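Everything on this sheet refers to the single structure shown next.
What follows draws every value from the coordinates through simple rules; no lab data is involved. Bear in mind the structure is a predicted one, so any value in this text is a computation, not a measurement. Every residue, glycine among them, receives a Cβ derived from its backbone with ideal geometry; neighbour counts consider all protein chains shown.
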Amino acid sequence: MNEVKEIPSSDWDLQRYLYTRDISSAPVISLLLKRVDVIYQPRDEREVLEVLRIAKEEGATVVPRGAGTSGYGGVLPPKDITMFRLSGRKTIMIDFTRMDDFEIDEENQIIKCSPGAVWWEIEKKLNKKNLTLRVYPTSAPSSTVAGWIAQGGYGVGSLKYGGIADNVEKLRIADFSGVREVSGNELKYYLGMEGITGIITKAWVKVKEMEDMNYYGFHVSAREANKIVFAGDHYAGLFLDAGYVKLKNESFGTDMPEKDVLMVATTEKLDGDEGLGEEIWEKRFYPMRVRRLGPGLVAAENVLPADSIPAYLNRLKKMIKKPHGSEIWYSKGKKGAVLTFIPSDERKFLEYVLTWFNSIRALKTAKKMRGVPYSTGFYLSCEAKTVLGKDLDEIMKFKKVVDPKNQLNPGKVLPKGAMAWAMKITQKVIP
Amino acid sequence: MKLEKELEEMLHACAQCFYCRVCPAFQSIKWESVSPRGRVYMLKGLKNKKIKLEPKLVEDFYRCTTCGACEEQCQTALHLVELWEMARAEMVKEGLAPLPAHKKLRELALQTDNPYGEPKEKKEDWIKGYKYEENAEIMYFAGCTASFRAVELAKNTVDLFNKVGLKFAYAGKNEYCCGSPFLRTGQRDIAYGLFRKNYEEWKKRGVKTIVSSCAGCYRTILIDYPKIAKELGLEWNFEVLHTSQLVNRLIKEGKLSPQKISAKVTYHDPCHLGRHTKVYEEPREVIKAIGAELIEMERNRGESFCCGSGGGVKSQFKDLAGAMGKNRIQEAKETGAEYLVSCCPFCKYHLKQMADEQGIQLKVVDLVELVNNLAVKGEYKGEDIRCA
């Protein structure tokens, strides 16, 4: 492999081991993964292009990586299998840790970010200028701008401003033919694509002025929550079902009443419990504290129309026999991202595998209720049609044009490869 | 590699969320092998035999100041500092640690009861001319750094005690290293021996309260010693104070009435005093009590950025310690303060060195020096600590 001395890189076996992971810990699936061969940490766009040049020259595959804080496997390197044989192609990882700068355009309320910029670092700087992010993920203390854009999804602020895809103004993309800037309709080739069509080297994201926000808590059912959340022009809405409150109490050592609860962040005045609302708001970055209870966690995350959510939660209660709970971040368009947690000890293999089946059951249930998986990534690439809908064919054609040898993050997003095949079978087998 | 059940559970409870990216070592080096979540994953990999314990891995594992910034941010509230220290102890047992510089400290301490290798008799040289008791309820524990390298800190502390008429004992050459450098670097056996010697000395002298002006000693005596005592079946009923707490108490009780000074001050929370033992407010209250204008650095209290010298990093990885220290000095400079105040001789020495290396005009002082020299004597002489 060509050495590019000036770009920080490592092929140390330990480093390769450490970079071959995200937050998921899926059983068995690790058989479909390999260790990356080398990790590059470019410092600027020129170095990203240089890494792509090396990949092209060597016929290597390229996996871009932000902070690795997702659980869909978008940054995992799958074994490259073609015609039932390992291709032998090397895998290069591009880690964006060193490309974390950003600029704030106060006048136009836009931030221009390098891919590795961390959401909460941006927020802290924005606040000094009386600006704030419109949307951010609940992993904001560590997750990166390009990481969330490349995966797609909803988070804090989505109730008013939609998903991250709705807030990207422009992207700068590097691929084997150079660099391009894309905006408008063309963005669909890159948003939520995990880098399979090109590597994000710059992102322009909309921000807003800071406002005085109120936080209210309501002890209401999911059905009642829908009415409150979508009744006004609110900034964010988070629903915790009773099961999740119980898990939270156990893991935080708190004593919140163990019943369904809704938190609304809004500039409006509402007749809710401010203390309760603030308590939930303050803990918004700690959804995975419940992992302590396993120790370990199995999660399911699906986006459903709001009116389907109450029935979906009821189905989960009947279906999942172990203690579990869900949190829902509501989004514009009367929908909600439902994240369900099932603490499970990953050292107990069989029990852990069986718990994972619940995640697949939850997905099947959500689809029956007009829901879609939160993201595709690696694990759910078989769901590309469900997530991308009519855009899928166009994206597949586009992929062939910009990456004819399927070197850019293969095995992700599109319904091809061993993982997509295995997950399709698994879905069929699991009742 | 063996870990106690509770610590092993942490490996599975870790969400890998990377909130621990605030780690000063990771911020400097940028590779996962030095990040806290990387270290957790590494330990998991060792346990599952996915990777091998090798010298290079051990080196990266020791590139951590045990500052606890990771623990402060941890989404699953894991006791990470304890995990790092226990894992290091296992690495020592496996024969891949201590690292050369830490091994040398051990050899010196075995000979002289202090990690600087200074003759025992010299430990009490600094206190000549000051009044103290052989036996008293309050014991001043100067610590090795203030006794041998940062004598101005020890001198200012007892000078202040003498001025307020505080009756205290000092063990002199019978004060032994608290064992902090060894507990932090996995060399637990020697720390147990040092604990026993200090413990017996305090019991013999009828001590009820131990006061330390070193954040590292304070953390060790407050947190580690009771655990060791329990393990050894010994009674532990000492009150442990840091000088900043005592000075604050003296001011509040009206026993010390420092004059007001006019100075802009920023305060660096030593990791062992702040995150480890949650003493955040008392030093700030003292600064405010002497009338100084306190300007906070962007990262303060629980989010304070480590100076880079702890956990055996400065002795083994000077460049890394330097990178962290320079980062912190820049942050202090941005406040526009005249004084950078800390409560730890280790932090003070390292930060002063980093300020000097960068040519940054910042008076780096300990809180006690500031109070005793400026607010009590009325002037700061700028006497520097002497370092090897």
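Before moving on, here are some points about what is shown:
- Across all Cα atoms of region B:1-159, the radius of gyration (one decimal) and Dmax (whole number) stand at 19.9, 61 Å.
- When each of A:Met193, B:Met297 is scored by the number of other beta-carbon atoms lying within 10 Å, the sequence from fewest to most is B:Met297, A:Met193.
- Sum of side-chain charges, A:Gly116 neighbourhood, beta-carbon under 13 Å (Lys, Arg +1; Asp, Glu -1): -1
- Percent of Cα-Cα distances greater than 19 Å, calculated over region A:89-185: 43 percent
- Rg and Dmax [Cα atoms of region B:117-247; Å; Rg one decimal, Dmax integer]: 13.8, 40
- For chain A, the alpha-carbon radius of gyration amounts to 0.96 times the rule-of-thumb value 2.2 N^0.38 Å expected for a compact globular protein.
- Computed over region B:199-272, the alpha-carbon pair-distance distribution with 10 angstrom bins reads 16, 39, 29, 13, 4, 0, each value a whole percent.
- Averaging 1/r over each pair of different alpha-carbon atoms in region B:5-93 and inverting the result gives 12.9 Å, the Kirkwood hydrodynamic radius.
- Value at 222 nm in deg cm²/dmol, rounded to 500, when DSSP H runs of n ≥ 4 in chain A each add -39,500 (n - 2.57): -9000 deg cm²/dmol
- Comparing region B:201-339 with the 2.2 N^0.38 Å rule of thumb, its C-alpha radius of gyration ratio is 1.21 (two decimals).
- Take each residue of peptide A:292-299, count the partner chain Cβ atoms within 10 Å of its Cβ, and average: the result is 4.
- Footprinting exposure proxy ranking of B:Val151, B:Val368, A:Val48, fewest other C-beta atoms within 10 angstrom first, gives B:Val151, A:Val48, B:Val368.
- For the protein assembly as shown, a Kirkwood hydrodynamic radius built from all Cα pairs, placed in the Stokes-Einstein relation at 25 °C and 0.890 mPa s, yields a translational diffusion coefficient of 86 µm²/s.
- Each residue of region A:208-223 is assigned a 3J(HN,Hα), and the resulting list reads 9, 6, 6, 10, 6, 10, 10, 10, 10, x, 9, 8, 9, 6, 4, 5 Hz, derived from the Karplus form 6.51 cos²θ - 1.76 cosθ + 1.60 (θ = phi - 60°), x at Gly and Pro.
- Over chain B, DSSP H runs of length four or greater, each weighted -39,500 (n - 2.57), average out per residue to a 222 nm ellipticity of -12500 deg cm²/dmol.
- Using the average count of surrounding beta-carbon atoms within 10 Å as a protection proxy, the listed peptides A:34-46, B:337-349 rank, highest first, as B:337-349, A:34-46.
- Remark: mean inter-chain Cβ contacts per residue of A:96-108 equal 1, using a 10 Å Cβ-Cβ cutoff to other protein chain atoms.
- Tally of Lys pairs whose C-alpha atoms are under 18 Å apart, taken over region B:258-376, 8 or more apart or cross-chain: 21
- Residue-wise HN-Hα coupling along region A:111-117, computed from phi with Karplus coefficients 6.51, -1.76, 1.60 (Hz; x: Gly, Pro): 10, 10, 10, 6, x, x, 4
- J(HN,Hα) series, region B:118-132, from Karplus relation 6.51 cos²θ - 1.76 cosθ + 1.60, nearest Hz, glycine and proline x: 7, x, 3, 4, 6, 4, 9, 4, 5, 8, 4, x, 9, 8, 7
- Residues B:Met91, B:Met324, A:Met396, ranked from the fewest to the most other C-beta atoms within 10 Å, line up as A:Met396, B:Met91, B:Met324.
- Three semi-axes of the equivalent ellipsoid, region B:258-376, Cα gyration tensor, whole Å, largest first: 23, 15, 12
- The protein assembly as shown - share of DSSP beta bridges that are antiparallel (%, nearest 5): 70 percent
- Region A:214-373 - Debye-derived log10 I(q)/I(0), Cα point model, q = 0.19 Å⁻¹: -1.18
- Peptide-level mean, for A:9-17, of C-beta atoms on other protein chains within 10 Å: 5
- Working note: Cα gyration tensor of region A:1-56, eigenvalues times five, square-rooted, sorted largest first, giving semi-axes of 26, 11, 11 Å.
- Volume per residue of the convex hull around the Cα atoms, evaluated for chain B, comes out as 127 Å³.
- Taking Cα atoms only, the orientation of helix A:349-368 departs from the longest principal axis of chain A by about 80 degrees.
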